[in-house]
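Following: one structure in structure tokens, then a few remarks.
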Amino acid sequence: MPDTPVEKGRGGPYDPAMEARVSRLEDEVRIIRDVVVRTEAMLAATLPNFATRAALDRVEAIVAATLPTLATRADLTHVEAGLKAELAEKPSKTYLWGILGVLVTAILGAFGAGLAAVAILH
């Protein structure tokens, strides 16, 4: 609908269609007001569940204090390389089982020799 002035020049009566336009405008404003009231109520019910600015500031301070102490990717890569080097110097399982076999054989041999010596002496 085109926008027409409320008054027609000087001293003339108002446009008769103006009453209907203002009435419709008031109805729309009432609907908007109801939506705003419902929105405010929903926000008031929801906002207490969100963190306050002070709580967010405390979390930010904790994160800022903790981050410098955490390891970086470069730190972890350096540790990984060191561990790989140390593990490469360690004997393998096969080598350790071989050593254990030799020791068991030596112990059993010594035990057998001791039994033979006891049998001879008796």
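Just so you know, all these numbers are worked out from the coordinates, no wet-lab data involved. All values reported here derive from a predicted model rather than from experimental measurement. As a convention, Cβ positions derive from the backbone with ideal geometry for all residues, glycine included, and neighbour counts pool all protein chains shown.
Screening Ala65, Ala45 for residues that are over 19 Å from the mean Cα position of the chain (by Cα), in a helix (DSSP H, G or I) and loosely packed, with under 10 Cβ neighbours inside 10 Å leaves exactly one candidate, Ala45.
Being free of Cβ contacts under 8 Å to residues at least 12 places away in the same chain, surrounded by fewer than 10 Cβ atoms within 10 Å (Cβ to Cβ) and part of a helix (DSSP H, G or I): is that true of Val79 here? No.
Checking the stated criteria, Ala51 turns out to be surrounded by 10 or more Cβ atoms within 10 Å (Cβ to Cβ) and not in a helix (DSSP H, G or I).
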